[in-house]
């Protein structure tokens with residue numbers, strides 16, 4: 001059984017790590033009621049590959065310090081580094097260039113999810 005309190009704390013840590021690296025348009029979607037995949041998706045954009053790398057490193061480091069282990073990652077090793085997926089089990093972090101975020105449009109695909117407000121995350 002999932003522990004939503006711990007996954008919410010992980011989403012808050014990921015949000016803060018991304019905010020610290022000036023990520024663009026950070027969204028946290030609560031998908032716990034509509035999917036068994038995870039409890040939360042954290043979605044953000046970066047302006048270039050170096051910022052995406054810094055964002056992913058920050059999320060990984062901050063969650064690791066809090067006791068969350070990165071189970072799987074994809075995308076960072078791709079040639080253009082325009083998207084990154086980081087699977088921490090109960091939360092999944094999606095980092096995109098603006099173009100890839102518009103193309104994949106996860107917010108529309110997961111439109112039934114509940115967006116967590118910034119106030120709840122700070």
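Here, each number is a calculation from the coordinates, and none is a lab measurement. The structure presented is a predicted model; accordingly, all values stated were derived computationally and were not measured. We place every Cβ from the backbone using ideal geometry, glycine too, and count neighbours over all the protein chains shown.
Given an 8 Å cut-off on Cα distances and at least 6 residues of separation, report the relative contact order of the chain as a percent.
30 percent
Determine, from the Cβ-Cβ distance of residue 47 and residue 119 and an R0 of 30 Å, the FRET efficiency 1/(1 + (r/R0)^6), rounded to the nearest 0.05.
That gives a FRET efficiency of 0.75.
Rounded to the nearest 0.05, what FRET efficiency do residue 33 and residue 98 give with R0 = 35 Å and r taken as the Cβ-Cβ distance? Could you check?
0.75
At 222 nm, what value in deg cm²/dmol follows for the chain if DSSP H runs of at least 4 each add -39500 (n - 2.57) and the sum is divided by all its residues, to the nearest 500? Spell out each step's value before the answer.
On the way: 5 runs with 49 residues, N = 122.
Value at 222 nm, helices only, nearest 500: -11500 deg cm²/dmol.
Taking Rh as the Kirkwood radius computed over C-alpha pairs, what is the Stokes-Einstein D of segment 4-121 at 20 °C in a medium of viscosity 1.002 mPa s, expressed in µm² per second? Numbers along the way, then the final one.
Values: Rh = 13.9 Å.
Result for D is 154 µm²/s.
Okay, which of segment 21-54 sit inside 12 Å, backbone N to the point 7 Å along the Cα-Cβ direction of residue 106?
Once the point is set 7 Å along Cα→Cβ of residue 106, 26-31, 38-46 turn out to lie under 12 Å by backbone N, inside segment 21-54.
Ranked highest first by the average count of other Cβ atoms within 10 Å around their residues, in what order do 99-112, 55-68, 13-26 fall?
So the order, starting with the most tightly packed, is 13-26, 55-68, 99-112.
May I ask you to work out the translational diffusion coefficient for segment 14-83 at 37 °C, viscosity 0.692 mPa s, via Stokes-Einstein with Rh from the Kirkwood sum over Cα pairs, reported in whole µm²/s?
254 µm²/s
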